[in-house]
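Trainee: Here it is, the structure in full.
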Amino acid sequence: MTTPPAQDRLHAQLAFAMEIDKLRRIVRRNTLMDGSRRENDAEHSWYVGMLAMVLAEHAPPGTDLDRVVAMLLVHDIVEIDAGDTFIYDAPAVEAQLGIERKAADRIFGLLPEDQAKRLRALWDEFEERKTPEARFAKALDRIAPIMANHHNEGGTWSLYKVTADQVLEKVKIIEEGSATLGAYATEIIALSVSRGHLARA
């Protein structure tokens, strides 16, 4: 691997920095917890990164927290090209990975080769969920919208007629990353059903 001259390297890094600013424009389905507006991808990435720091004790023993936070910072960058995919839209989810892989090739490819490899490896690790770090990161990514909908009288669950069974299916991924957070997610889903904010079926 060759290292580009300093100016070329800087220009590549700045091109990437300018590109990822677009993440602030990608509006997600989920709203803020107060329901005032929909969140954007950059806000979501910041929020789940903060959750990783605050909820670190609920990760499997020995989890590398720095890697978890790094994964969460890069995990949605591909949505600059691919857009936000609604998790309960099965056909869109099925098509999502191929689209996002092309986006990862392009966006991480803007960086100098060494940095491109490192950030792309973090993104791949997150998607593959084979490490404790990736599973914990994915758990946080999944629990954040559940928390938002629970505190927003059903939020997107109500809007898109999502059922408790559909949400509970997603809890399996949370349980893989953290038994504690999986139990908490199950509890607040049951509470949302009892309050009429989430349909039983």
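The values are calculated or read from the model by the stated rules, or taken from the named source; none is laboratory data. Small disclaimer: the values here were computed from a predicted structure and weren't measured. Neighbour counts are summed over all protein chains in view; Cβ atoms, including those assigned to glycine, are modelled from backbone coordinates with ideal geometry. Surface accessibility is based on the protein's heavy atoms, side chains included, excluding ligands, DNA and RNA. Shrake-Rupley method; radii C 1.70, N 1.55, O 1.52, S 1.80 Å.
Trainee: Shape call for region 5-109 from the C-alpha gyration tensor, a ≥ b ≥ c root eigenvalues: rounded (a/c under 1.5), prolate (a/b greater than b/c) or oblate?
Mentor: oblate
Trainee: Using the Karplus curve 6.51 cos²θ - 1.76 cosθ + 1.60 with θ = phi - 60°, work out ³J(HN,Hα) for each residue of region 129-146 in order, rounded to whole Hz, and write x for Gly and Pro.
Mentor: Once θ is set to phi - 60°, the couplings for region 129-146 become 6, 9, 9, x, 5, 5, 5, 5, 4, 5, 4, 5, 4, 7, 6, 4, x, 5 Hz.
Trainee: Let me ask something additional. Which whole-Hz ³J(HN,Hα) couplings does region 96-112 yield from phi under the Karplus relation 6.51 cos²θ - 1.76 cosθ + 1.60, θ = phi - 60°, glycine and proline marked x?
Mentor: Couplings: 4, 4, x, 5, 5, 5, 5, 5, 4, 4, 6, 6, 5, x, 6, 7, x Hz.
Trainee: Could I have the simple spin-label model distance between PHE86 and ALA56, label points 7 Å from Cα toward Cβ, reported in nm to one decimal?
Mentor: 3.7 nm
Trainee: Tell me, in nm to one decimal, what length is gained between GLN115 and HIS151 on full extension, where the rule is 0.36 nm per residue of separation less the Cα-Cα distance?
Mentor: Going from the current span to full extension adds 9.1 nm.
Trainee: Here is a follow-up. Of the cross-linked pairs LYS117/LYS138; LYS138/LYS161; LYS102/LYS138; LYS22/LYS161, which ones have a Cα-Cα span greater than 28 Å in the structure shown?
Mentor: LYS22/LYS161
Trainee: How high is the relative contact order of the chain, in percent, with contacts defined as C-alpha pairs under 8 Å that are six or more residues apart?
Mentor: 23 percent
Trainee: Considering only protein heavy atoms and a 1.4 Å probe, what is the carbon-and-sulfur percentage of the accessible area of the chain?
Mentor: C and S fraction of accessible area: 55 percent.
Trainee: Additional query: Among (1) -0.36, -0.63, -1.19; (2) -0.45, -0.70, -1.11; (3) -0.38, -0.63, -1.07, which one is log10 I(q)/I(0) by the Debye sum over Cα atoms at q = 0.09, 0.12, 0.17 Å⁻¹ computed from these coordinates?
Mentor: Correct label is (1).
Trainee: If you don't mind, another one. Given springs between every Cα pair under 10 Å in a Gaussian network model of the chain, which of ILE189, ILE99, ILE20 has the largest fluctuation?
Mentor: ILE99
Trainee: LEU97 to LEU168: extension gain in nm, 0.36 nm per residue of separation minus the Cα-Cα distance?
Mentor: 23.4 nm
Trainee: Could you provide, to the nearest whole Å², the per residue accessible area of region 1-90 with probe 1.4 Å?
Mentor: Ligands and nucleic acids excluded, the figure is 56 Å² per residue.
Trainee: For ARG28, list long-range residues whose amide hydrogen, built 1.01 Å from N in the peptide plane, is under 5 Å from its own amide hydrogen.
Mentor: Amide H neighbours of ARG28, under 5 Å, 5+ apart: GLU39, ASN40, ASP41.
Trainee: Right, here's the next one. Of the trypsin sites (Lys or Arg not before Pro) in region 18-73, which ones lie in a loop per DSSP and count no more than 10 other C-beta atoms within 10 Å?
Mentor: ARG37
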